[in-house]
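What follows is a short report on a single structure.
Nothing in this text is a laboratory measurement; each read-out follows from the coordinates by a stated rule. Quantities reported herein were computed from a predicted structural model and do not represent experimental measurements. As a convention, Cβ positions derive from the backbone with ideal geometry for all residues, glycine included, and neighbour counts pool all protein chains shown.
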Amino acid sequence: MDKKFVQELLGDHSRNPRNHGELQSPDIEAEMTNPQCVGPTHPDGDRVRLQATLSDDETTVETVGFTGEGCTLSQAGASLLSEEMIGASVSEITEWDADYIEERVGMDLTPSRLHCAELILTAFRQALEEHTSSSSG
């Protein structure tokens, strides 16, 4: 992707995040942090709190909401990936990898930048794990 386009895309998602906010009755939720990525607007690092509702059979994501603060990549990544999650199967989302994320954000990412971009995905996996263990226990 064109570098200017990528900057505009990430900037837009950071300034105008999609699916930002809290859900009334989420089926799953988790919060993840990245204390290594600090900056003037996020002195404690990146933070993303994900909430989602699932279909009745819990195979598909119906809605996603997130809140948080952090670097442009963590917040834009949360916005971009939250859009992709809606309507996707839970099993598909858990298989998303670095290549998938890099394709969505439009650039190759170093390991530390990938950690920023994938916070919402890490939170999704954690929320799902907690939900599964509490449902079966």
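Per-residue 3J(HN,Hα) values for the range 94-102, derived from phi via the Karplus relation 6.51 cos²θ - 1.76 cosθ + 1.60 with θ = phi - 60°, read 5, 8, 4, 10, 4, 4, 4, 5, 4 Hz in sequence order (x marks Gly and Pro). Axis angle, to the nearest 10 degrees, between helix 72-85 and the longest C-alpha principal axis of the chain: 40 degrees. The charge dipole of the range 3-136, taken about the Cα centre with unit charges on the Cβ atoms of Lys, Arg (+1) and Asp, Glu (-1), comes to about 680 debye, rounded to the nearest 20. Between rounded, prolate and oblate, where does the chain land on the alpha carbon gyration tensor, with a ≥ b ≥ c its root eigenvalues, rounded for a/c under 1.5, else prolate if a/b exceeds b/c? The shape class here is prolate.
Specify the residue with the greatest mean-square fluctuation among 41, 122, 53, computed from a Gaussian network of the chain linking alpha-carbon atoms under 10 Å apart. Looking only at 41, 122, 53, the biggest GNM fluctuation is shown by 41. Pick from 12, 57, 108 the residue whose mean-square fluctuation is largest in a GNM of the chain, springs joining Cα atoms under 10 Å. Evaluated over the chain, the most mobile residue of the options is 57. Shape verdict for the range 1-65, please, from the Cα gyration tensor: rounded (a/c under 1.5), prolate (a/b greater than b/c) or oblate. Because a/c hits 1.5 or more and a/b fails to exceed b/c, the range 1-65 counts as oblate. Over the chain, with a Gaussian network built from C-alpha contacts below 10 Å, which listed residue (78, 127, 88) shows the highest mean-square fluctuation? Sorting by GNM fluctuation, first place goes to 88. With the simple spin-label model, which puts each label point 7 Å out from Cα in the Cβ direction, the residue 6 to residue 91 separation comes to 3.3 nm. Angle of helix 3-15 to the longest C-alpha principal axis of the chain, folded into 0 to 90 degrees and rounded to 10: 50°.
Using helices alone, what [θ] at 222 nm do you get for the chain, with -39,500 (n - 2.57) per DSSP H run of 4 or more residues, divided over all residues and rounded to the nearest 500? Each step should come with its number before you reach the end.
Working: 6 runs with 65 residues, N = 137.
So the helix-based figure for the chain works out to -14500 deg cm²/dmol.
Restriction of the GluC sites (Glu not before Pro) in the range 1-101 to DSSP coil positions whose beta-carbon has at most 13 other beta-carbons within 10 angstrom yields 22, 95.
The residues neighbouring residue 84, those whose beta-carbon lies less than 12 Å from its own, together hold a net charge of -1 under the Lys/Arg +1, Asp/Glu -1 convention.
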